[in-house]
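Shown next, in structure tokens, is the structure this report addresses.
Please treat every number below as a calculation from the coordinates, not as lab data. Source: prediction; values computed, not measured. Virtual Cβ from ideal backbone geometry, glycine too; neighbours counted across all protein chains shown.
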Amino acid sequence: MVNVQEQKVLLEVQNLKQYFSVKREKLLQPKLSVKAVDDISFTLCEGETLSIVGESGCGKSTTGRAILRLDEPTAGKVVYNGKNILDLSKKDLRTLRGELQVIFQDPFASLNPRQTIQQILSEAMSIQNSVQKELRKDRMRELMHLVGLPEEALSRHPHEFSGGQRQRIGIARALAVNPKLIICDEAVSALDVSIQAQILNLLKRLQRQLNLTFLFISHDLSVVRHISDRVMVMYLGKVVEIAPKHALFNQPTHPYTRALLSSIPVPNPKVQKERILLSGDVPSPINPPSGCRFHTRCPFATELCSSKEPETVEVQNGHHVACHYANDFFSA
Amino acid sequence: MTTIQKTDTLAVTQVLGAPKESAWRNFISQFFRNKAAVVGAIIIAFYIFIATFAPLLAPYDPYEIQLENKLQSPSLEHWMGTDDKGRDILSRILYGSRLSMGVGFAAVAFGAFFGILFGLIAGYYGKWVDSVIMRCMDVLLAFPGILLALAIISALGPGMINVTIAVGAFSVPLFARIVRGSTLEVKQLEYVDAIRSLGAKDSTIIFRHILPNILSPIIVQGTLRIATAILSAAGLSFLGLGAQPPSSEWGTMLSGGRDFLFSAPYIAIFPGMAIAILVLGLNIFGDGLRDALDPRMKN
């Protein structure tokens, strides 16, 4: 298990906010915004895998995109190796981008259909100048081996590959610039289960070999359980719980985490499991509930929950929960 | 515990199949299934052939005035007859194809160049840049094409180059709109984000990753616009604003023949037919291209 204190912090996200303004329907209507990510903070240590889980629309992917500045965040700090990414000039950001890479969800949309694999990889290398010109050919072959594709793949176009193979190409492209941190945005969600396993194992092996750090965004809890060191649970733009994997899966504390974990299917028909069913829909992020955002669906909500936003409590070493009754739930 | 098997089946277990049929092959077979489009392509090829080899094909000098031969009906010597100054109409049409088609292609090239540039910038940067550019395009679009061209020519003065600019100018907003729409669509694809996260410059993203992927609608629109441009240019020449006599531009020839519509209709009929057939060819060719390249645009 990873001890947070002992490791070097690679990425620190502080009070990150990402609001998207909504188009006004009437002229004098007050300006509304979708609070996709609302004031979240977390750290990521070198060499670890932190997963972000939550249902769709909770701000997982938005967080990843904001860290990479693919969308400009509204407020907050993203400190990478001591530098705030959000303060960097366009030029400095371009240079830094080589260290932060991303693997996308849709393997059919993430490769330019008009380029061959060779062009895709050599362009990545030339943008960042990560490999000398004379060595690029060798490096490309090496990358193909690294991600488990034959060398002949280099001269092909993306449409000649299957989804899993394309995902490997996407990984090769990310690796072409020798990154330190890779954000996997639902990287295996679009794949078949057997291919998912292959890609996850590939990612794990690459992490060991190249000492990579992963921010793994997923809605699939079994995938998260397989790959993570730590897990962060998000609900409606907020972090509700963040803990080392075993602590989170064995001792989920926040009522939302408990509900989420109870939805994992158990591959054993004899086990009677306790399902926590939440009522109602996720409230709109345009006008989120007051106090604790989960209080509208929380079976344990009290007066306090609807009036005051909960502080984040550390219930155990490295296990943080944003709930007024975190300590009660934890010991229970 | 987990539903995931821990098998690291990597490497060459997934052998690649034979190369799949290329997009180009697919396009060709699609296109040739459409008989009308093939006819259009043949017509265009024929006109391009004529324009290229006009000096070799023309039986007479198109500008040589032979008053003794004026207003002759079509005959074996003069297949399309002669005009009021005794010039051979066939030779004039052959030479005129260079002018008429030249104006059409040049005007569309001009319109497409600026339209694509504006469309890409508006679509890629969005926000106020988009609003400013597209509102300007809307203003251009609000004028009927020929009226806008008339205004531009009255400002610049008559002549072939000015006609080209005028006709090109009203193609700009059409290209800008199509390109902007396609850019918006391609921009949100993940490979654009991927290339951005690699640190590519905006110009690289726009011209190397977005433009090549939106070419189909541009080509289709370009082909259809050439037809309109030729027609507009001929119209302007007919009104005396474009090519000036004794030029053998088809619009100018039509204009010259309008006084003899009853006594010698062939003076106007043949250049008119030349225009009509070319425009028809371009249109059905453009429709065929659209169906093969960009099936979504089909109504």
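For q values of 0.12 Å⁻¹, compute log₁₀ I(q)/I(0) with the Debye formula on a Cα-only model of chain A, without solvent.
Log-scaled intensity ratios, in q order: -0.89.
Fewest first, what order do A:Arg141, B:Arg177, B:Arg135 take by the number of other Cβ atoms within 10 Å?
Neighbour counts put them in this order, fewest first: B:Arg135, A:Arg141, B:Arg177.
Taking chain A as a Gaussian network, where each spring joins two C-alpha atoms under 10 Å apart, which residue of A:Pro289, A:Pro267, A:Pro255 fluctuates the most?
So, out of A:Pro289, A:Pro267, A:Pro255, the one fluctuating most is A:Pro267.
Fewest to most neighbouring Cβ within 10 Å: what's the order for B:Thr82, B:Thr204, A:Thr296?
B:Thr204, A:Thr296, B:Thr82
Restricting to DSSP loop positions (anything but H, G, I, E, B) with no more than 16 other Cβ atoms inside 10 Å of their own Cβ, which trypsin sites (Lys or Arg not before Pro) remain in segment B:189-238?
Those satisfying the criteria are B:Lys201.
So what is the relative contact order of segment A:253-332, in percent, for Cα pairs below 8 Å that sit 6 or more residues apart?
27
How big is the gap, in Å, between the Cα center of segment B:244-260 and the Cα center of segment A:276-297?
Taking the Cα centre of each part, segment B:244-260 and segment A:276-297 sit 76 Å apart.
If I take every Cα pair under 8 Å that is 6 or more residues apart in chain B, average their sequence separation and divide by the length, what percent do I get for the relative contact order?
23
Let me make sure I get this right: for segment A:253-332, a, b and c are the square roots of the gyration tensor eigenvalues over alpha carbons, sorted descending. Under 1.5 in a/c it's rounded, otherwise prolate if a/b > b/c, else oblate. Which is it?
It is oblate, given that a/c is not under 1.5 and a/b is not larger than b/c.
Does segment A:94-144 come out rounded, prolate or oblate, given a ≥ b ≥ c as the square roots of the eigenvalues of its C-alpha gyration tensor, rounded meaning a/c under 1.5 and, failing that, prolate meaning a/b above b/c?
Oblate is the answer for segment A:94-144, as a/c is 1.5 or above yet b/c matches or exceeds a/b.
Mind checking the angle between helix B:145-156 and chain B's longest principal axis? C-alpha axes, 0 to 90 degrees, to the nearest 10.
70
Using a 10 Å cut-off around each Cβ, can you sort A:Lys8, A:Lys238, A:Lys308 from fewest to most neighbouring Cβ atoms?
Least crowded to most crowded, the residues run A:Lys8, A:Lys308, A:Lys238.
With just the Cα atoms defining each centre, how far is segment B:56-93 from segment A:106-152? Give it in Å.
The distance from the Cα centre of segment B:56-93 to that of segment A:106-152 comes to 64 Å.
Quick one: helix B:127-142 against the long Cα principal axis of chain B, what's the angle to the nearest 10°, folded into 0 to 90?
In chain B, helix B:127-142 runs at an angle near 20 degrees to the longest axis.
Starting from the Cα-Cα distance between A:Gln119 and A:Ser89, subtract it from 0.36 nm times their residue separation and give me the gain in nm to one decimal.
8.0 nm is the gain from fully extending A:Gln119 to A:Ser89.
Of all DSSP beta bridges located in chain A, what percent are antiparallel, nearest 5?
65
Once you list every other residue whose beta carbon is under 14 Å from the beta carbon of B:Ala176, what net charge do they have if Lys and Arg are +1 and Asp and Glu are -1?
Combined, the nearby Lys, Arg, Asp and Glu give +2.
With respect to the cross-link table entries A:Lys77/A:Lys245; A:Lys204/B:Lys127; A:Lys8/A:Lys137; A:Lys137/B:Lys201; A:Lys180/A:Lys245; A:Lys90/B:Lys127, which display a Cα-Cα separation exceeding 30 Å?
A:Lys204/B:Lys127; A:Lys8/A:Lys137
Any chance you could give the angle, 0 to 90 degrees and rounded to 10, that helix A:193-210 forms with the longest Cα principal axis of chain A?
70
Relative contact order (percent) for chain A, with alpha-carbon contacts under 8 angstrom and 6 or more residues of separation?
20
If you take each beta carbon of peptide A:229-239 and count the beta carbons of other chains within 10 angstrom, what is the mean?
0
Within segment A:150-220, list the trypsin sites (Lys or Arg not before Pro) lying in a DSSP loop whose Cβ has at most 16 other Cβ atoms in a 10 Å radius.
Counting only loop positions with at most 16 other Cβ atoms within 10 Å, none of the trypsin sites (Lys or Arg not before Pro) in segment A:150-220 qualifies.
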